[in-house]
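Trainee: My structure is below; once you've seen it, I'll send some questions.
Coordinate-derived values only; no laboratory data. For clarity, every value in this text was computed on a predicted model and none was experimentally measured. Ideal geometry is used to build each Cβ from the backbone, glycine not excepted, and the neighbour counts take in all protein chains shown.
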């Protein structure tokens, strides 16, 4: 049993021009140090079908509460992203600032405020530097021939925080292109969506169909990702489809959307804060998909499994522990469970000294695949994560100071 | 609002003689390197009332499955602990080995097998070295005047794994003494009990009363502890009461039991793997105790809160994030929430530069107390944990190799 994981090849990543009819501008409003880009605006030159999924956090910020109904209307066509400040837990002033930011972006892009989404990422509990943001937008006009030249990689780079690489993914369906971009990489256990993922396509699709395809794709990809079990207050995953390339078969669009989301999910996991390895966990023969995902999440989130993978310590018993933590799953019985690392069985056929050496070798690879059979049914699920390193601790012990 | 946390003072710890009528022997059977003690046996010379709580893990080992019904019978009077090997995920052979170990211990202690409990801690998935254990028990007889001289500290030391300090706690109620001992300190998010805690008393109490007092004490102490969110396969918390000191008022016994358990819980949190600081989180004005504990656990378990405490980074927004993660608690509204560190309010009255400097100072202390009001009711709960350091990663990346 293996997982076929298709990540973008370098050739794909060189061709991250936006789909037909989209344009983007990026720049620095001074929220991040050293002049790094920290603002991105993306606009479609025609109406769009839109769908979005957002964090379920009780501390969701005004970016989320403003964007959620607009994405749900099915007709959003532009988004602005600010990196370096989450604008969360900032009270009524924060709501006011988010509304003003939307108005600035909508005017600069030439769209109605109701068509404008906003997303924000960075430190919680600080106000936006509104003067700087006003200054940046004051020079941006819809028709400026010298601006609006960013591609998806440029946008992905502008919205990075602790990300080490810009994350994009591209697929084609007939004449249409599907271009995705995302950022992570800490506070990542998406509950309805991950920390800022955007997919643009020039395929023609109605809002209800797009919404259905999007929910399914997000559920099997971003919602199966965890870097550190901490759910962001700002998670946002939005798709915009402007139809510039005409209609495409729905089934093919569904596959391409899922592939783009999975590709971004794998890139997010690999670039998890401090990560040195990708971990994938597939649970088979579960009672239902919920049980499969619960067990797979328990394994991919266990700090003891993550540190064992980090140290290439063939301590497979920690996977048994993490399965056992699902204490309310009374139909999980150790005598029916099988644990494998790649193709090597670790339980119940416990490896001897040679097997443990082979297991250590498998765990030293840059992708560790853990495969579990529960023997409780025929459902399965795969989760995506990374190892836990001293790098994670260092990054997060000193984040704001 | 403050928590009064009474940890054992050094004087208490010097008087860890066992209660009347109990005796203990410790030694090395060669499971741990360097001749460290790794076996402990404790026996009452007369019948006991007993109560126990055990892990709910689906991968619970034979130590747990053997001991659970015996403790529930209310008449257990002896236990044996092996450190360095958990005897978990070892199949039918592991069950056979656990039974033989119980028989060896019962014979050496002079009790019936049905009165004998067993607990085990260490690596998962390896068989006991039965020859060595047989050898160690072959020299131990119930009446040997040169043996059976260990006190609670000696037992606590013999059952350590990654613990840095032996953990004991003592209280008195009238003529009776309550002596507790425990070990941690990784794979600690007890679900029904923590990794190996034992309390002995010479108070006279019936099994049903003891069971009731014990469940309440464990629920408010060990079950509110988390070092790393990973629930052990071997969690065991047992109390034995042999009545040698006669009856005591039930209410006083309840308080003393809870204090002993809380004392051990705080010691376990402080000695969490890699820990440099104790974190306590109290959630007030919750809808019910379940909500209070869920939110307090979400905060004390958040790796981003734990790393911020480690680095004394005054990033209070992560506490807001961790509250927000309780996404199904629809009666949590940010506008009703108050977050404090000690007496310093961080939200909604957000600190300025001076306040942040003060907050950094509070977070640099060796005990960081986080206090949250939800404004949803009048229930409260306190949880106990520790910071997340590079030390945790190093200990667990290299555990078995």
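Trainee: No solvent, one uniform scatterer per C-alpha: report log10 I(q)/I(0) for chain A via the Debye equation at q = 0.07, 0.10, 0.12 1/Å, two decimals.
Mentor: -0.33, -0.65, -0.91
Trainee: Top mean-square fluctuation among B:262, B:240, B:304, Gaussian network model of chain B, C-alpha springs under 10 Å?
Mentor: Highest fluctuation among the options: B:304.
Trainee: Could you work out the relative contact order of segment A:280-401? I mean the mean sequence separation of Cα pairs under 8 Å and 6+ apart, divided by the number of residues, in percent.
Mentor: About 46 percent, as a whole number.
Trainee: I'd like the FRET efficiency for residue A:251 and residue A:132, computed as 1/(1 + (r/R0)^6) with the beta carbon distance as r and R0 of 45 Å, rounded to 0.05.
Mentor: That gives a FRET efficiency of 0.45.
Trainee: Would any residue of segment B:331-353 have its amide N under 14 Å from a label point 7 Å out along Cα→Cβ of residue B:287? List them or say none.
Mentor: Hits in segment B:331-353 for residue B:287 at 14 Å: B:331-334.
Trainee: Find the centroid of the Cα atoms in segment B:108-172 and in segment A:205-242, then give the distance between the two in whole Å.
Mentor: Value for the Cα centre distance between the two parts: 53 Å.
Trainee: Between copies, how close do the residue B:251 label points come, placed 7 Å along Cα→Cβ, listed in nm from shortest?
Mentor: Reported distances to equivalent positions: 7.4 nm.
Trainee: State, as an integer percentage, the relative contact order of segment A:115-208 based on alpha-carbon contacts under 8 Å between residues 6 or more apart.
Mentor: 20 percent
Trainee: Considering only A:360, A:327, A:150, give the residue with the highest GNM mean-square fluctuation for chain A, with springs between Cα atoms whenever their separation is below 10 Å.
Mentor: Greatest mean-square fluctuation among the candidates belongs to A:327.
Trainee: When you look at the Cβ of every residue in A:323-335, what mean number of other chain Cβ atoms sits within 10 Å?
Mentor: 5
Trainee: Still on this structure, please answer the following. Calculate for chain B the 222 nm mean residue ellipticity that helices alone would give, adding -39,500 (n - 2.57) per DSSP H run of length 4 or more and normalising by residue count, nearest 500 deg cm²/dmol.
Mentor: -10000 deg cm²/dmol
Trainee: Could you please point out the chain A residue with its Cβ nearest to the axis of the rotation taking chain A onto chain B, and the distance in whole angstrom?
Mentor: Spelled out, residue of A and its Cβ distance from the axis onto B: A:390, 2.
Trainee: For chain A, modelled as a GNM with alpha-carbon contacts under 10 angstrom, which of A:140, A:181, A:117 fluctuates the most?
Mentor: So, out of A:140, A:181, A:117, the one fluctuating most is A:140.
Trainee: Any idea what the relative contact order of chain B is, in percent, if you count C-alpha pairs under 8 Å spaced at least 6 apart?
Mentor: 17 percent
Trainee: Compute the long axis of helix B:250-270 from its Cα atoms, compare it with the longest principal axis of the Cα atoms of chain B, and write down the angle in degrees, 0 to 90, nearest 10.
Mentor: Compared with the principal axis, the helix lies near 70 degrees.
Trainee: So what's the angle, to the nearest 10 degrees on a 0 to 90 scale, between helix A:91-109 and the longest Cα principal axis of chain A?
Mentor: 60 degrees
Trainee: Relative to the longest principal axis of the C-alpha atoms of chain A, give the angle of the C-alpha long axis of helix A:289-301, reported between 0 and 90° and rounded to the nearest 10°.
Mentor: It works out to around 90 degrees.
Trainee: Would segment A:36-150 count as rounded, prolate or oblate if I go by the C-alpha gyration tensor, calling it rounded below 1.5 in a/c and otherwise prolate when a/b exceeds b/c, oblate otherwise?
Mentor: Since a/c reaches 1.5 but b/c is at least a/b, the shape of segment A:36-150 is classed as oblate.
Trainee: Under the definition of partner shielding as Cβ atoms of other protein chains within 10 Å of a residue Cβ, what is the mean value for peptide A:224-231?
Mentor: Mean partner-chain Cβ count within 10 Å for A:224-231: 4.
Trainee: Rounded to the nearest 0.05, what FRET efficiency is calculated for residue A:103 and residue A:378 with R0 set to 51 Å and r the Cβ-Cβ distance?
Mentor: With R0 = 51 Å, the Cβ-Cβ based efficiency is 0.45.
Trainee: Between residue B:33 and the same site in the other copies, what are the distances in nm, shortest first, taking label points 7 Å from Cα along the C-beta direction?
Mentor: Output for residue B:33: 4.1 nm, nearest copy listed first.
Trainee: Set the Förster distance to 45 Å, then compute FRET efficiency between residue A:36 and residue A:112 from the Cβ-Cβ distance, nearest 0.05.
Mentor: Once the sixth-power term is evaluated, E becomes 0.90.
Trainee: Please work out how much length the chain gains when fully extended from residue B:366 to residue B:45, using 0.36 nm per residue of separation minus the C-alpha to C-alpha distance, in nm with one decimal.
Mentor: 111.4 nm
Trainee: Given label points at 7 Å from Cα along Cα→Cβ, what nm distances, shortest first, separate residue B:204 from the same residue in every other copy?
Mentor: Ordered by increasing distance: 9.1 nm.
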